[in-house]
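Bear in mind these aren't lab numbers, they're just calculated from the coordinates by the rules spelled out. Because the structure is a prediction, the values reported are computed rather than measured. Here Cβ is always computed from backbone atoms with ideal geometry, including for glycine, and neighbour counts include all displayed protein chains.
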């Protein structure tokens, strides 16, 4: 069980370290990126650009692979995955990201750097996750 979860753990640690190094655990930096008409901070654009480059390479490599290394099949999105629930959740995510300056990955990584303020965000995030499960009957 540990050997199967080790790549997941290492990926999460690498992701968190990258977010921290890129300054994405600083809500002021994220808000600075979203402030297009004020003191705009382009740092997040470089982080997003790096992610787009990695994903573009992955999309080119995927058809040449028989199967993923750590799974039986690839789980690729389709247009049927674009539902009103996904669109609404994305809008809510964006609003929360703009207000708090954090999203789930950086919020969890920020627990190490600024535990008090990040804990408030993470608690609110977990409460939202619980509420959606409760309202959809999946609790």
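Sort 3-15, 39-51, 77-89 for me by packing, meaning the mean count of neighbouring Cβ atoms within 10 Å per residue, highest on top.
Details: 3-15: 10.4, 39-51: 12.7, 77-89: 8.7.
Peptide ranking by packing, descending: 39-51, 3-15, 77-89.
For the chain, take every pair of Cα atoms, bin their distances at 10 Å starting from 0, and report each bin as a whole percent.
In whole percents, the pair-distance histogram is 10, 28, 38, 22, 2.
Quick one: compute the contact order of the chain, relative version, from alpha carbon pairs under 8 angstrom and 6+ residues apart, as a percent. Kindly include the intermediate steps, with their values, before the conclusion.
Numbers: 79 pairs, mean separation 40.5, N = 139.
Taking the mean separation of contacting Cα pairs over the length of the chain, I get 29 percent.
How big is segment 1-56 on each of its three principal axes, counting only the C-alpha atoms and giving the largest first in Å?
50, 25, 13
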